[in-house]
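Following: one structure in structure tokens, then a few remarks.
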Amino acid sequence: MGGSSDAVTATNILGISAYYHDSAAALLKDGELVAAAQQERFSRKKHDARFPEDAIRYCLEAEGLCLGDLDRVVFYDKPLIKFERLLETYMSYAPNGFRSFVAAMPVWLKEKLYLKAVLKKELARLGDCKVKDLPPLLFAEHHQSHAASAFYFSPFERAAVLCLDGVGEWATTSTWRVDGASLEPLWEIDFPHSLGLLYSAFTYFAGFKVNSGEFKLMGLAPYGEPKYVDLILDKLLDLKDDGTFRLDMQYFNYCAGLTMTNSRFDELFGGPPRKPESDLTQREMDIAASIQVVTEEVVLRLARTLQQETGETNLCLAGGVALNCVANGRVLREGPFENIWIQPAAGDAGGAVGAAAIAWHIYDEQPRQLN
């Protein structure tokens, strides 16, 4: 398949997110988003994490391009920094976490640690070409990709950006000031202290699947009473007035184990986690209502602090927590910002869009063109 002359003379950048959840691809032509797709739409496997072969083919075919017409390919995070975080975490909790370490390391040592070679091999197979003929492969940072996906496709000339998710390389919460094509990092909260992982811990405890069942927990919240809010704030979450926070890790198991919570967590909430697909009880409804209230309060405080620090009137949101539409609604109604823009693909799928935009605006130093 050969590309059209107009498409080939343009600068074509492919962004990819993959290998965690919500794999996706996005294509920018001279900075304009011309195609984007999530792999699950083709494979029919929800939250498909595999190399987004079909999504990439779709993006290329949408513009009549072949792999050789691309100027560069950008991956949405930096696996070596993520590996560093995993090793440091396991060392911090040793000898606890040995089972988790044994489960994780073979995948890293076989594939993820050598992700550049894996990606090149997959791309070469996709394009039926030799690795040496591939376009340059770049790597963006995870939260940088989130921030770029939020701001560069917003209608704002300048804004503050708040990214909230489980974890990227190290960051779980990050703040940014953006103006024109600049993307200035301000401060961040690092793993293991994570609002996204706290919400996922309650997702797990309520018997839903982590990284996909969080919307069920949010939907369950209106059926309960927030009776555990004080308990969460007293035992699990040290929340400051400015929205920054720390988790008490003695109640969580995700750093060193194969589950999100542990027996201490069970004791706090009157028993073990709900078994998946079993009947929902009032406890799960009240737990959902409680963690939803806490999440909203954290997001509100962070938004107010960010506005005070930057003086910006516009806010962009991205990261998996930005998919919590109830919290977003409260920021819109009660927060200090005049305008809010939320990345529609706020989770990792949107990272493909952000990674491509980073190459265009930061690597190539191209200005933004607002419509």
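Would you mind checking the pairs Lys46/Lys116; Lys46/Lys209; Lys45/Lys209 and listing those with alpha carbons more than 22 angstrom apart? Pairs exceeding 22 Å: Lys46/Lys116.
Positive-end ranking of Ala49, Ala62, Ala35 along the dipole of the stretch 1-81, with charges on Cβ about the Cα centre, is headed by Ala49.
Charges were assigned to the Cβ only: +1 to each Lys and Arg, -1 to each Asp and Glu. The resulting dipole of the stretch 299-371 about its Cα centre is roughly 320 debye.
Calculated [222 nm] ellipticity per residue, helices only, for the chain: -11500 deg cm²/dmol; basis is -39500 (n - 2.57) per DSSP H run with n ≥ 4, divided by all residues, nearest 500.
Place a +1 charge on the Cβ of each Lys and Arg in the stretch 184-238 and a -1 charge on the Cβ of each Asp and Glu, then give the dipole magnitude about the Cα centre in debye, rounded to the nearest 20.
420 debye
If the chain linking Arg50 and Ser263 were pulled fully straight, counting 0.36 nm for each residue of separation and taking away their Cα-Cα distance, it would gain 73.4 nm. Here the contact order of the chain, divided by its residue count and restricted to Cα pairs under 8 Å and six or more residues apart, works out to 22 percent.
Using the Cβ-Cβ distance between Glu365 and Asp279 with R0 set to 56 Å, the FRET efficiency works out to roughly 0.45. Once neighbouring chains are kept in place and the probe is 1.4 Å, which whole percent of the accessible area of the stretch 119-210 is contributed by carbon and sulfur? Here it works out to 52 percent.
So what's the angle, to the nearest 10 degrees on a 0 to 90 scale, between helix 79-93 and the longest Cα principal axis of the chain? The answer is roughly 20 degrees.
If only the Cβ of Lys and Arg carry +1 and only the Cβ of Asp and Glu carry -1, the dipole of the stretch 120-229 around its Cα centre is close to 400 debye. With all protein chains kept in place, the per residue accessible area of the stretch 256-371 amounts to 44 square angstrom at a probe of 1.4 angstrom. The angle between the Cα long axis of helix 195-205 and the main principal axis of the chain comes to about 60°, on a 0 to 90 degree scale. Figure legend: label point modelled 7 angstrom from the Cα of Arg333 along Cα→Cβ; residues of the stretch 280-315 with amide N under 19 Å from it are 289-304.
Once the chain from Lys216 to Cys66 is taken as fully extended at 0.36 nm per residue, the excess over their C-alpha distance is 50.0 nm.
With a Förster radius of 25 Å applied to the beta-carbon distance between Leu138 and Glu32, the computed FRET efficiency rounds to 0.85. Estimated at 0.36 nm per residue, the fully extended path between Thr9 and Arg158 surpasses their Cα-Cα distance by 50.6 nm. Okay, which of the stretch 163-200 sit inside 17 Å, backbone N to the point 7 Å along the Cα-Cβ direction of Glu88? From the stretch 163-200, the list is 167-174, 187-194.
Between helix 325-334 and the chain there is an angle of about 80 degrees, using the helix long axis and the longest principal axis of the Cα atoms.
The values are calculated or read from the model by the stated rules, or taken from the named source; none is laboratory data. Quantities reported herein were computed from a predicted structural model and do not represent experimental measurements. Note that each Cβ is placed from the backbone with ideal geometry, even for glycine, and that neighbours are counted across all protein chains shown. For accessibility, only protein heavy atoms count, side chains too; no ligands or nucleic acids. Shrake-Rupley method; radii C 1.70, N 1.55, O 1.52, S 1.80 Å.
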